[in-house]
Structures are given as C-alpha cells and as structure tokens.
Amino acid sequence: MNRPSRRKTAAALALLTLLIGSLSAGSALAAPTAPTERRATGRDAPLGSRVDLVVPSFSNPTSITNPLFPKSTQTQVIQLGVEAGDALRFEVTQLPGTRTVSWGGQQIRTRITHFVAYTNGELVETALDYYAQGDDGSVWYFGEDVNNYENGVLANHDGTWLAGRDGPPGMIMPAHPQVGDTYRPENIPGFVFEEATVIATGLTVDGPSGPVSGAIRIQASLLDGSVEEKIYAPGYGEFQAEVASLDELYTVAVAVPIDALPGRTPRALTTLTSGARNIHDAARSTKSHRLTTVLDRMIAAWEGYRGGEVPPMLVTQMDDALAGLDAAVQARKWADIRQAAIDLGQATLDLRLQHEPVVDIDEARIGLWRRQLRLDRRAGDAAAVAADRVTIAAISDRIRDLD
C-alpha cells in the first residue's frame, strides 16, 4: 500500500521509538517462547505439506470460531507499529452483515471485516475483507475490496480481489496448525500471492491483558519476494507481524471483547477526556491561565490509573501523549497545544474502548477528527484536510453498518 508522510506528533514519535527498539531487539513485544520452533520457507515447502488442497464444505460459514482467527467473537482490534520510520495504526472492526460469494458451484456467506490503516496519523487505506469457516474448522479468505489514498485523495483499488471472480479463496488459518503445515491465504496468479508455513507452535506471548498461551508463528513468502513473519494468538488472531526487509513491525495494542473490562468507565479516563477537550478549547481562545491547572489534574488522574492492569502499549501511548501536551503547554505554542490535545483525546479513546461500546467510541473519534479537520484547515494544509474528511467518512461508514 502507498503510505504518504504526514506530521509526526510528539506522541507518535515516542511510540515510534519504542517500536523501533522492539524491532531491533528481535520482536520483543511479543516475547514468544518457542519450544517447537523450526525454520522453513513457504515457497520451498514440499507439496505433501500443503494443507489447503482439499476445500471443506461450508454449512455454517459465518460462525468463525477458530481460536487463532476468531472473527465471530471480535468487535474491534487496534494494532500499532512502525514501517521504515513511520508510525502505523490499524483499526480492524467486525461488521454484523455478510456477503455471499459464488465459488465452485457454491453460494458461501462470508463475514465482513472493516480495515482502516493510518501512517503518521493520516488515513492511507480502507478495506472490506471477507472470511468464512469450513466445517473442519479451517478459515478461508474470500477476498477484499480496497481503497488506497494519497494525500486524502482516492488513488487506486490495488489489492482488490474476490474469490470466484478472480480465482480461488485461500486458507488463512488451518483447523489445527502443526509445524510444517503450508497453505496459501492468497493465490491469484500474477496478482496476489502468499504462501505461509507454520514454523512454531505452543508459543506464549505477552498480550494486552497478560500472557497468552497457544500461539503460533508462521513465515510467509509474498508476491514481491519479501518474507513476512506473523504470530497468531488465541482470542486475538493476527497478533504481530514483521517484514524485516521493510523495517515493518506491528502488534495488537488492545482488542475487544477479549480485553474488555467490567463496570463503568473509570473517572480517571473521563478526567483525561474532559481535560483534553478543555485544553483544546482554552488554547483556541488563548485563555492560557487555565491550561496548567487542567493539565496537572489530568497527570494526577493518569498516575493513579496507569498502575492498574492497563495494556502496555496503551500505557506508552498515553505517557507520550501527556508528555507531548505538557511540552506544548510549557512552550505556549497554541497550534501545538491543540494538536497535542487531540492526540491525547485519541489515546484516551483507545483506553475507553475497554469499557464502552465500539459505536460510542467511534462516534467520539469522529468528533476528534472534526476538530482535527478544523485545525488543519486553519493551518492551510489542503492535503491534511482532505485526509481528515475521508477518515470521518470511513469511520461513519462502519458506524452505519454497526448500528
């Protein structure tokens, strides 16, 4: 996908530094242990190790319960990462509707996932992905509808494909993966290709809410010749991915409902939300005397909250957002203060996702993106304004489907 550069906020830069350090340390974020690990390359796997050559029947295809690809039990997943020095953010939302795909004389209903990708805070891709589970428990990928954006403008639909129309579906997760199993999640000759081999099972990874056992690691050869390694974890599905040749690494920061917490939204998070809004509004009218008092209250609220069981990547994200806001307030740079307040508001919403419905969080995200649009319009940044508009439209689309 094409990922244009945009501003790097203080919060994004600090999180970026953490992720780069993790990449150089050998994907330490996942902290896997691999007693059964072996190395293999998918393209070189013998034909006998292919586990996707017999397609199962699909009598209940929209019940996707495979623990390593649990689409039916997820509502939204936030992934954070880095690619070649740029900060990545992915929002993956399960939609309630289905799409029927015609293939091999069958009419197969598929589940729909809404994917949104950001680079340095700017939306660069949206996609609808289609999945179905076979009766044997394997999960199959039936295609995707892709929109790629450059500077807020739709550039192309590269990566779009559909089973039946363009070629076969691909197995994306075996029913019971074993070391040496090889399969092709994408297999449209000359267009899209991915061949994956399971190289480790029985891993334990550091998840957002604590250790997760039973994970696997796969190594995939892609159409462009690059090699990607992924970890899939029970309850999360795609947990971490790394493409060393692109300096790319991303991992799950939080997912619901698996990381959801009971009870009402904690007071600390409402304090952070209202504080960010108040600071943004005070900076807009240059009422600077209020800023330090409000910020001190926010810092105290966060210090009391962060000591609990908070997803580690979200702790880092909030620490960085507060540090960025503090620096902007100290410098009395009004545009920077407003930007930092918006960034902090977005970071707070990722924490609130553990307590509130996805639709409510997405509505709040739209409110912040509207503030971002006004800020970018005031700065005369036409490309950023265009990107803000398509972001608002993308989130609005998934809210409409979720309602």
What pairs come up if the first residue lies in region 323-335 and is within 22 Å of Arg377 (Cβ to Cβ), the second is of a type in the set (Lys, Arg), and their beta carbons are under 8 Å apart, counting only those six or more places apart or on different chains? Trp334/Arg284; Ala335/Arg378
Could you please let me know if Thr197 is buried (at least 18 other Cβ atoms within 10 Å of the Cβ), farther than 16 Å from Val139 by Cβ and either in the same structural domain as Tyr131 (by TED's automatic domain parsing) or modelled with pLDDT of 95 or more (or both)? yes
Those residues of region 97-149 which are among the polar types (S, T, N, Q) and without any contact (Cβ under 8 Å) to a residue 24 or more places away in the chain amount to Thr100, Gln107, Asn147
In region 189-229, how many are outside any strand (DSSP E or B) and out of contact with any Phe, Trp or Tyr (no Cβ under 8 Å at 6 or more places or on another chain)? 7
Residue match in region 331-349 (condition: modelled with pLDDT of 95 or more, over 18 Å from the mean Cα position of the chain (by Cα) and more than 20 Å from Asn278 (Cβ to Cβ)): no
Of the residues that sit in region 225-256 and are at pLDDT 95 or above and small (Gly, Ala, Ser), which one is farthest from Gln74 (Cα to Cα)? Ala241
Against the condition crowded, with 23+ Cβ neighbours inside 10 Å, outside the structural domain of Asn120 (by TED's automatic domain parsing) and touching an Asp or Glu at 6+ places or on another chain (Cβ under 8 Å), how does Asp388 come out, does it pass? yes
Given Ala328, Ala300, Ala364, Ala323, which one is in the same structural domain as Ser274 (by TED's automatic domain parsing), modelled with pLDDT under 95 and small (Gly, Ala, Ser)? Ala328
Applying the selection to region 306-322, what residues are surrounded by 15 or more Cβ atoms within 10 Å (Cβ to Cβ), in contact (Cβ under 8 Å) with a residue 60 or more places away in the chain and out of contact with any Pro (no Cβ under 8 Å at 6 or more places or on another chain)? Thr316, Gln317, Asp319, Asp320, Ala321
Looking only at region 163-194, and only at residues there that are under 22 Å from the mean Cα position of the chain (by Cα) and within 16 Å of Gly237 (Cα to Cα), the one that is surrounded by the fewest Cβ atoms within 10 Å (Cβ to Cβ): Pro185
Sole exception among (1) modelled with pLDDT of 95 or more; (2) more than 26 Å from Leu223 (Cα to Cα) for Leu18, by number: (1)
Name every residue in region 166-183 that is in a loop (DSSP other than H, G, I, E, B) and either of a type in the set (A, V, I, L, M, F, W, C) or in contact (Cβ under 8 Å) with a residue 60 or more places away in the chain (or both), in order of residue number. Pro168, Pro169, Pro174, Ala175, Pro177, Val179, Gly180, Asp181
Tell me, yes or no, whether region 255-262 has at least one residue that is in a strand (DSSP E or B), buried (at least 24 other Cβ atoms within 10 Å of the Cβ) and touching a residue at least 12 places away in the same chain (Cβ under 8 Å). yes
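The values are calculated or read from the model by the stated rules, or taken from the named source; none is laboratory data. Keep in mind that this is a model prediction, so the values were computed, not measured. Cβ coordinates were reconstructed from backbone atoms using ideal geometry, including for glycine residues, and neighbour counts include every protein chain displayed.
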